[in-house]
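Below is one structure; the comments refer to it alone.
The values are calculated or read from the model by the stated rules, or taken from the named source; none is laboratory data. None of the values given here were measured: they were computed from a predicted structure. Don't worry about glycine lacking a Cβ; one is built from the backbone with ideal geometry, like all the others, and counts go over all protein chains shown. The accessibility values were calculated without ligands, DNA or RNA, using every heavy atom of the protein model including side chains. Shrake-Rupley method; radii C 1.70, N 1.55, O 1.52, S 1.80 Å.
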Amino acid sequence: MDNRFIRTDMLPPLPPPTRESGAVKWLRENLFSGPMNTVLTVLGVAAVAWAIWTVAPWLAHSVWSAKSLGECRQMVAEMGGSDGACWAVIRERWHQFIFGFYPPDLYWRPILAFGLLFGALAPVLYWNDRKGAILTGAAGALAVLFMAAVGTGALPMLFATLVLAGVFALSWLRPKQLLWVTLAYPFAVIWILWGGQIWTPLSAIVAVALGIAVGLLYGRLRTPAANTVYAIFAALGAAIVVGAVIHYGDAVTADFLGKMSGADFYPGFGQNGGVIAKSLGAVVSAVIWAISMLVWAIVAVLRWVNYALNLNLSQLFSFPYASALSLGAVLAAIGTFSAARSRAAGIGIFGGLVAIGAYWVLAHPSVTATLGRALPVGLQPVTSDQFGGFLLAIVIGVTAIACSLPMGILLALGRRSDMFLVKTLSVGFIEFIRGVPLITLLFTASLLLAYFLPPGTNFDLILRVIILATLFSAAYIAEVIRGGLAALPRGQYEAADALGLDYWQAQRLIIMPQALKISIPGIVSSFIGLFKDTTLVSFVGLLDPLRGVTAIVRADINWKGIYWEPYIFVGVIFFLICFGMSRYSMYLERKLKTDHR
Amino acid sequence: MTLATGSSTGAAKEGFRLSMLVYDTRFRAITIQVVVLILFLLLVGWLVDNTIQNLAAKDKDINFGFLWVRAGYDIEQRLIPYTNDSTHGRAVIVGLLNTLVVAFFGCIFATIIGVLAGVLRLSKNWLVSGLMTIYVEGFRNVPLLLWIIVIFVVTSETQPAPNEFKVTQAMVDSYATEDPADDIYPAASKLLFGTIALTNRGTYIATPMVERPLGGSEIGGVPINYTVLAVLLAVIGSVLANRALLRRAKAVQEDTGRRPTTWWKSLLILFGPIIVVLLAVGFHLQLPAFATDENGVSKGFNFQGGILLQHSFTALLVALSLYTGAFIAEIVRAGILAISRGQTEASFALGLRPGRTMNLIILPQALRVIIPPLISQYLNLTKNTSLGIAVSYLDLRGTLGGITLNQTGRELECMLLMMLTYLIISLLISALMNFYNSSVKLKER
Amino acid sequence: MAEAQKMQVSDEIAIEISSMNKWYGTFHVLRDINMTVQRGERIVICGPSGSGKSTLIRCINRLEEHQSGHIIVDGTELTSDLKNIDKVRSEVGMVFQHFNLFPHLTILENCTLAPIWVRKIPKREAEETAMHFLQKVKIPEQANKYPGQLSGGQQQRVAIARSLCMKPRIMLFDEPTSALDPEMIKEVLDTMIELAEEGMTMLCVTHEMGFAQAVANRVIFMDQGQIVEQNEPKEFFNNPQSDRTKLFLSQILGH
C-alpha cells in the first residue's frame, strides 16, 4: 500500500456545524441539567419569590416626603398598604448622613476636596493618559454639579470651578505634571476642610519645597566645593540632632531610673484572692519584675552611654552654644563630615530634612503670623466635632491609607531585612497590631494616648483616631507589600546589584515600582477593609454614618422607631463605594497581569 | 567571624578607620542596628516616662488589685457561675468565655455557610450561582457593624413579646367546639416543632435534658459532668474506630488491590454508639413552653424551661457567621479554581473518575491553598467579636474593657490586660496556622 | 579558530583570584580557587551542574561573598568595603541565565538606568550610548518596547547591551544561552563572538562547546568546587588529561 501523501492545495477554514440553540437549551444546560440542579433551581426560585413577596409591597408603598414617621404611616395607610417604606427620612436628613454637622453653607468645601481627589490620585494609579484625564474631568464636573445642587454661593462656586478646571486642563495637557497636584493635595485638603489662614498650608508647602530643593541641588552640584559645603552643613545638623538626642535621652533615662527605683511597680496580682490566685499572682509579679529589671538594666546602660557621650566640652572652651556640644555631637559631626565628603547617598536627603526642620523651627511661626496680620486671607474655620457621616469616614479612610503607605513600605522592608533588630522590631509591631481588634486601638486613641504623651498634651480626637488607624493599616499594608516583594524574582535584585545600584536606588528604581504595582489590588482591598472599619469610630464618640448619625436620627422624636430605611441607605452607599473599588481592583489585577507580559 | 577569615579578606590589615562604620558591610549593619536600638529605647523610655508622670499627676498607680474586688454588676449570659457579688476577675473570665463561645460557634457556622456558598457559586446552575454571588458581594462590601445592628434591631423590635405565645381560656374554649372556623390561635407561634421561640426578650431554644444522669464530681473547683463525659468518649471512640476501619480498608486495598465496601460500616460505627449512649441516659429536649393548668391555659408571664439566648448573642453570632461566611466562600472558590486545569486533566488522563479526582487530587491541593487564609478569617472573626459592643454583648471587651474599666477607672491596666488577652488568642491561632503550614508544605527544591 | 588566536591578549592582569574559599553554611562550594585572567582573555568555564562555576563568577562581582582568600578585580580588592564593591560592580558587566531585565522599564530605560544613576551621565548622552549598543546587538527598533514583548533571544541581547552601556572592562556571562530555544542560541552567541573579537575580557559559564572552540583562549573545567583542568581549547577538547574531564566531555559531546 502506498502511504505517501503530499498536500497540493491547503484547506480553507469552514464555519462550525450549527448546534441546537434557543431558550430551551439554555434552560436545560443552566438550570435543569440534573436532579440535584433541578432541586437547587426550585429552591432558588422559591427564595427569590419569597423575597419579592415580602419586599415588593413594602417598596410599592414608599413615601418620599413627610415630616415624621407618623405622617409617613398615615400616608401609607391612605395608599392602602399595611406597611410601606418611609424614604422621607432620607430626604429630610441626607445631609447629616453625608456631612454630619458640617455648616450647610460650606458644603462646597468637602465636595471640592473630593473632586480634587481624583486628580491627585491619577499619577498614583497610573492614569497618565487621556482616559485618566477624562476621569479627572468627569469627577470635577460632577463635583461642580453637586456644589450647584447644595446651593453654593457665587464666589466659592467660581473659585472651585476654576481650581477643578485647572486640574483638568493639567491632566489633559501635561499628565506628568499632575504629580505636583498629588504633592500639594494633602496641604490643600486640610486647609479646604478645616479652613483657617491660607498662610499656614502655604508655609508648610514652602518648607517641604525648600527641603526638596536642597536635596535636589545636592544631586545636581557635583563640584568638590559644593560637596564640602553640604558636608559641613550636614555635620552641623548631625551635631545638633545628636546633641539634642543625648541631652533628651539623659533627662529621660535619669527620670525613668528614678521613677523605677521609687515607684512600686509590681504589686497587685492576687493579693486579695485565694491560694491559687495568690500563687499565680506571685508568678506573674515575678515575671513582671524580671522584665522590669531587664528594662532597667538596658536603660541604665543607655544612661551610662549618654553620660559618656555627654562629657561636656564647654569645660574646655567657652563660647555660646558650648553646652550643646557634647562628645557624641562632635563624634557625629566628624562621622557625618567624613562620610559626606566621600559619598553622595543620603546626604542630600539629610540636608533636605535639616532645611525643613530649620525652616519649621526658625521661620514658620513668624512668617505665618506676619502674613496673617498683613494679608488675612482664609476660609471660615470648621472644628472637628462638626465632621460626621460619610465625610468623616472618607477623611479618616483616605488619610490613614495615604499615611500608612510609606510606613507600610518601611515595615515591609524591615521585615525582610537581614538585620536582626530591625527585623524583630518590624515583626513585633506588625504582629501586635494585627493581633488586637481595631476597637481596642481606637480605645487606646481615646483613653490611653493621653497617658503616653507628655502631660498637658491634648489634641483633636479625629487626629488621634487617624494616627491609630494609620498604625493599624500600616501593619496590614506592610503584609500586602511584603507579598509583592516576595513575588519578585531574585534575579531583579541581582541584576540591580550587578549594575552597581545601591540599596535605596535599587529599591526606588527597580524593586518598589514593580512590588507596588503587584500590590495595588491588595492595597485597594485593605482600603476597603479600613473604610468599612471607619464605622467603629462611633464607639469613641465620633459621628460615623452608620451608628453615630443613625442614632441621632432615630433619637429624634419625629423618626423614633424607624430602622430599615436609614440602615438600607447607609448600607447601599457603603456597598456602592466598596463594590466599586473591589471591581476596580479586580480590573487592575487583570490589566497588570497582561501588562508588558 | 573567625580570625582567619577576617585577616584573609584583607580589610583587617588596613586597621580600623571611623568611616568603616558606614562603608564596611561588616560594620554597617551593626552601626544601623545600634542607632535603631538607641532610637527605639528612647521612644520606649519617652512613652514610659510620660506615663509615669501622667499617673503621678492623677495620683494613680499601676495596680491589678481591682481584679479581686467585688464587681457589683450582672452579666446575663454566663457559662460559669457568677453573681454581682463575684470579683472583677471572675467577670473578666465570664467575658472571655463569652468571647470564645461566640468565636467558636461563629467559626463553625461561618465555615459551613462559606463552604456551601463557595461550592454553590461554582455551580453551573445560573440561578444558584447568581444568588450566591449576591450573598457574597452583599456581605463583603457592607460593614459588619451594619449587619450586627440591623439583625439586633430587627429581632428586638419586630419579634412578639412572650405573652403573645400564651394560650388563653378563650382559645381553649374555641378549640372545644367542633367548628374549626371559630378557632382562635395565639398571636405568635414557635418554630421547628416548638423547639425555638423568637421573642422580643431573646430567643428561647429547647434544653437538652437527660432522665438518668450519671452524676458528676468536682476536681480542683472545676465541675465534671459524667454524662457529658460519656457522650464525648462515645464520639471520640467512634471517630477513632472509624479511622481504624478506613486504615484497614486501605491496607486491604494495598494488599489485594480491592477496596472493601465501608460506607455502611462507617455510618454504623460513627452513629451507633452515640445513639446507644443517648438512649441509655434517656436524652430528650425540654421545650420552651408556658406552664399550663389542667385545661391547657398558659400561666405566668414567661416561658418555663428552654435556654434563653440574648438577642445580643444571636445578632452577633448570626452577623459574624454570615459576614465571615462570605469571605470564606471567596476563599473556597479561589482555592478550588487555583488548582490548575492541568491537574484535573492529568487525573482524567490517568483514568481516575471525577469523584476520585476530587478526593485524591483536587481537595488535597485545594486545602493547602484554602486553609491558611481560612485560619486568618477565623482570626478576623475572633477579633470582630469585640464589635459586640454595638449590641451591649458582655464579652471580654464588654466586661474588662467596658464596665470594669468604667467602674474602677483603671484604663491603663484594663486596656493592657485586654490587648494582651486578644494578642494571646491571636498568637495561638497564628501558631496553629504556622504549624499546619509547615506540616503540609509542598516538598520542593 | 585561527581568527580567535589572533585576538590580542595583553600582559595586564584583569582579575586575580588567590586561594579563595566559599561555604554555603557547612557546604564547601568553592575550594582553593586560584586563577589569573589577563586583559583581553576570553575564558570559558564548564563543568557538571553544582560544580560551583556559577558561584565562582558571581563572586567576581560580589553577588556572593567569599569567606577566605583574595579576589582582585582591575586592581581593586573585593573586601567588605562598600566603596570597593561599588567600584568593581560598575567596571564589571554581568549577563544572567534568565536575563533579569526590568519588566517595568522599556528596553531603552533598561539600558540607560545604571549609566544615569551610577555613572551619573546626562540622560541624552546615556540614550545615545544605549542606542549605539542596541544597534550593535541588532535590535535598535525595539528600543521603546517592554521586555515582555521580546523573544528570549532578543531579551538576552538587550541584557548584553544593558551591561555594555556601563562601558565595563570585564564581562561575566552566567549560562547566557541555557534558558533559550535552540534557534535563539545562535543570535546570542553571534553577539558574544562579536564582542570577543573586539577584545573584551570575558568570563563565560556555558555548555556551548562550539563557542568555546571558536573564541576562548582558555577553557576551565570545574568539578566539586575546584578547578580540575584548564587548557587551551584545542588541547582541552582533543587531549583531556583528567578522568573527570574525559567523562564530562564524553557525556556532553557523546550525542
Quiz item: Rounded to the nearest 10 Å², what accessible area does A:S426 show when all protein chains are kept and the probe is 1.4 Å?
Solution: 10 Å²
Self-check item: Rounded percent of accessible protein surface that carbon and sulfur make up, the protein assembly as shown, 1.4 Å probe
Solution: 66 percent
Exercise. Compare the Cα positions of A:P406, A:L217, A:S285 along the charge dipole of chain A (+1 at Cβ of Lys, Arg; -1 at Cβ of Asp, Glu; about the Cα centre) and return the one farthest towards the positive end.
Key: A:L217
Quiz prompt | For C:G47, residues with placed amide H under 5 Å, excluding near neighbours | solution = C:M222
Quiz item: Ignoring ligands, DNA and RNA, what accessible area per residue does chain B give at 1.4 Å, in Å²?
Solution: 54 Å²
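What do you get for Rg/Rh of the protein assembly as shown when both radii come from the Cα atoms and Rh is the Kirkwood radius?
Rg/Rh: 1.00.
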Quiz prompt | Dipole magnitude of the protein assembly as shown about its Cα centre (Cβ charges: Lys, Arg +1; Asp, Glu -1), debye to nearest 20 | solution = 1260 debye
Quiz item: What accessible area, in Å² to the nearest ten, does a 1.4 Å probe give for A:L257?
Solution: 30 Å²
Quiz item: What is the spin-label model distance, in nm, from A:D418 to B:S174 if the labels are put 7 Å beyond Cα along the C-beta direction?
Solution: 8.6 nm
Quiz item: What distance in nm separates the simple spin-label points at A:V377 and B:Y185, each placed 7 Å from Cα in the Cβ direction?
Solution: 7.6 nm
Practice problem: Under a cut-off of 21 Å between alpha-carbon atoms, report the lysines in cross-link reach of A:K560, not counting same-chain residues fewer than 8 places apart. | Solution: A:K67
Practice problem: Post the alpha-carbon centroid distance, the stretch B:57-71 to the stretch A:47-105, in whole angstrom. | Solution: 50 Å
Quiz item: Once the Cα atoms of helix A:275-309 and of chain A are each reduced to a long axis, what angle between those two axes, in degrees from 0 to 90 to the nearest 10, is obtained?
Solution: 50 degrees
Quiz prompt | Rough spin-label spacing in nm, given labels placed 7 Å along Cα→Cβ, for B:V35 and B:D255 | solution = 7.2 nm
Self-check item: In Å², nearest 10: area of C:H207 left accessible to a 1.4 Å probe
Solution: 80 Å²
Quiz prompt | Between 0 and 90°, nearest 10: helix B:363-384 axis offset from chain B longest Cα axis | solution = 80 degrees
Exercise. Within a 10 angstrom radius of each residue's Cβ in A:26-36, how many Cβ atoms of other chains show up on average? Whole number is fine.
Key: 2
Quiz item: Are there cysteines in chain A with no second cysteine's Cβ under 4.7 Å away, and if so, which?
Solution: A:C403, A:C578
Quiz item: the stretch B:395-440: which residues show an accessible-area loss of 40 Å² or more, assembly versus chain alone, 1.4 Å probe?
Solution: B:E411, B:L412, B:M415, B:M419, B:L423
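In whole percent, what relative contact order does chain B give with Cα contacts below 8 Å and a gap of six or more residues? Each step should come with its number before you reach the end.
Values: 508 pairs, mean separation 93.9, N = 445.
Relative contact order, chain B: 21 percent.
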Self-check item: Estimated vicinal HN-Hα couplings, Hz - the stretch B:137-142 in sequence order (Karplus 6.51, -1.76, 1.60; Gly, Pro = x)
Solution: 5, x, 7, 5, 9, 10
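What average count of beta carbons from other chains do you get within 10 Å of the Cβ of residues in B:54-65? Display every interim value, and only then the final one.
Numbers: counts 9, 3, 4, 2, 3, 0, 1, 5, 7, 6, 10, 8.
Whole-number average of other-chain Cβ neighbours for B:54-65 is 5.
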Exercise. Report the accessible surface area buried between chains A and B, summing both sides, using a 1.4 Å probe on protein heavy atoms only, in Å² rounded to the nearest 100.
Key: 6800 Å²
Quiz item: Using a ≥ b ≥ c from the Cα gyration tensor of the stretch B:230-352 (square roots of the eigenvalues), is it rounded, prolate or oblate, where a/c under 1.5 gives rounded and otherwise the larger of a/b and b/c decides, a/b for prolate?
Solution: oblate
Quiz prompt | Paramagnetic reach from A:D460 in the stretch A:352-378 [backbone N under 17 Å; point 7 Å along Cα→Cβ] | solution = A:378
Exercise. May I ask you to list the lysines whose Cα is less than 30 Å away from that of B:K299, ignoring any residue fewer than eight positions away on the same chain?
Key: B:K166, B:K190
Self-check item: Extension reserve of the A:A555-A:L257 stretch, reckoned as 0.36 nm per residue once the Cα distance is removed
Solution: 102.0 nm
Quiz item: If you count, for each residue, the other Cβ atoms within 10 Å and average over each peptide, how do A:45-54, B:157-166, A:138-147 line up from highest to lowest?
Solution: A:138-147, B:157-166, A:45-54
Quiz prompt | 3J(HN,Hα) from dihedral phi, the stretch A:454-463, Karplus parametrisation 6.51/-1.76/1.60, rounded to Hz, x for glycine, proline | solution = x, x, x, 6, 8, 10, 2, 5, 4, 4
Quiz prompt | For chain B, built as a Gaussian network whose Cα springs stay under 10 Å, the top-fluctuating residue of B:L229, B:L400, B:L427 | solution = B:L229
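Would you calculate the volume per residue, in Å³, of the smallest convex hull containing every Cα atom of the stretch B:50-117? Display every interim value, and only then the final one.
Values: hull volume 9.2 nm³, N = 68.
Dividing the Cα hull volume of the stretch B:50-117 by its residue count gives 136 Å³.
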Quiz item: Can you list residues whose amide H is under 5 Å from B:L309's amide H, if they're 5+ apart or on another chain and H is modeled 1.01 Å from N?
Solution: B:T203, B:Y204, B:I205
Self-check item: Helix axis angle, A:224-262 relative to chain A longest principal axis, alpha carbon, degrees
Solution: 90 degrees
Practice problem: Give the cross-link partners of B:K58 among the lysines, using a straight C-alpha distance below 23 Å as the criterion and excluding same-chain residues fewer than 8 apart. | Solution: A:K259
Practice problem: List every residue whose amide H lies under 5 Å from the amide H of B:T87, counting only residues 5 or more places away in sequence or on a different chain, with H placed 1.01 Å from N in the peptide plane. | Solution: B:A71
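Pairs of Cα atoms under 8 Å, at least six residues apart: use those to get the relative contact order of chain A, whole percent. Walk me through the numbers on the way to the answer.
Details: 623 pairs, mean separation 92.3, N = 597.
Worked out over chain A, it gives 15 percent.
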Quiz prompt | Ranking by accessible area, most exposed first, for A:Y248, A:Y563, B:Y393 with a 1.4 Å probe | solution = A:Y248, A:Y563, B:Y393
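Starting from 0.36 nm per residue, how many nanometres of slack lie between A:W504 and A:A282 once their C-alpha separation is accounted for? Before the final figure, lay out the partial values.
Details: separation 222, 0.36 × 222 = 79.92 nm, distance 4.99 nm.
Here the answer is 74.9 nm.
With a 1.4 Å probe and all protein chains kept in place, how do A:L164, B:L270 rank by accessible area, largest first? Before the final figure, lay out each step's value.
On the way: A:L164 15, B:L270 60 Å².
Accessible-area ranking of A:L164, B:L270, largest first: B:L270, A:L164.
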Quiz item: Taking θ as phi - 60°, what are the ³J(HN,Hα) couplings along the stretch A:142-157 by the Karplus curve (6.51, -1.76, 1.60), each to the nearest whole Hz, with x for Gly and Pro?
Solution: 4, 4, 4, 4, 4, 4, 5, 5, 8, x, 8, x, 5, 5, x, 4
Quiz prompt | Estimated [θ] at 222 nm from DSSP helical runs (n ≥ 4, -39500 (n - 2.57)) normalised by residues in chain A, nearest 500 | solution = -23500 deg cm²/dmol
Quiz item: Once A and C are treated as a pair rather than alone, how much accessible area drops out, both sides summed, in Å² to 100, probe 1.4 Å?
Solution: 2200 Å²
Self-check item: Given C:K120/C:K145; B:K265/B:K383; A:K423/A:K517; C:K120/C:K234, the pairs whose alpha carbons are separated by over 32 Å
Solution: B:K265/B:K383; C:K120/C:K234
